[in-house]
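Notes follow once the structure below has been shown.
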Amino acid sequence: MKRILAFTLALLSFAVISLHAGSDRIIQLNQLPKAAQLFVTKYFAGRTVSLVKEDREFSGTTYDLTFSDGTEIEFDARGGWKEVDGKHTAIPTAFIPAQITKTLQASHAGDAIVQIERKGRGYKVELSSGIEAYFNARLQLVRYDD
């Protein structure tokens, strides 16, 4: 009987945690972590924010911001950017490590960066031509995909 009760309580606790952990909610721009707010005002000044969402999951909290032009930014719990997606439109590059932009300008002049994502110990960059360039943690180009 004790095992059944313990199992039932564990199952109920898991259900409550699951409901809470998977919850998304709409928030205001000023409710983002300060680092995310500064990132938006510095690199995306003048753009209209259409949606800011807080995603709570077991792995932590993330924030998704969408501008009226469709550009999306994902931030981690501390407000650091995880991904910037221009949806096939050029994104600002001032926040991208200079070594990455320099490497891409040298080999793909005129090809705009439309998406960048921090991936594990490196970066994935998508160019307007559809080419994806992968950089390691030392900002060295390691491979291409198309």
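Here are the numbers:
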| quantity | calculated |
| --- | --- |
| Single residue of the stretch 50-82 satisfying the filter (part of a strand (DSSP E or B) and β-branched (V, I, T)) that is surrounded by the most Cβ atoms within 10 Å (Cβ to Cβ) | I73 |
| Evaluation of L38 against (1) part of a strand (DSSP E or B); (2) modelled with pLDDT of 95 or more (one fails), failing number | (1) |
| Selection from the stretch 65-95 of residues that are touching a helix residue (DSSP H, G or I) at 6+ places or on another chain (Cβ under 8 Å) and aliphatic (A, V, I, L, M) | L65, I73, A94 |
| Considering residues of the stretch 36-80 that are under 11 Å from the mean Cα position of the chain (by Cα) and among the aromatic types (F, W, Y) only, the residue farthest from I91 (Cα to Cα) | Y63 |
| When residues of the stretch 83-104 are limited to those that are hydrophobic (A, V, I, L, M, F, W, C) and assigned to a loop (DSSP other than H, G, I, E, B), the one nearest to N136 (Cα to Cα) | I96 |
| D76 being touching a residue at least 12 places away in the same chain (Cβ under 8 Å) and farther than 30 Å from Q140 by Cβ | no |
| Residue satisfying all of: in the stretch 118-138; of a type in the set (A, V, I, L, M) and surrounded by 15 or more Cβ atoms within 10 Å (Cβ to Cβ); nearest to the chain's Cα centre (by Cα) among these | V125 |
| Residue that is farthest from A98 (Cα to Cα), among those in the stretch 108-146 that are part of a strand (DSSP E or B) and among the hydroxyl-bearing types (S, T, Y) | Y144 |
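The values are calculated or read from the model by the stated rules, or taken from the named source; none is laboratory data. All figures in this text were calculated on a predicted structure; none of them were measured in a lab. Virtual Cβ from ideal backbone geometry, glycine too; neighbours counted across all protein chains shown.
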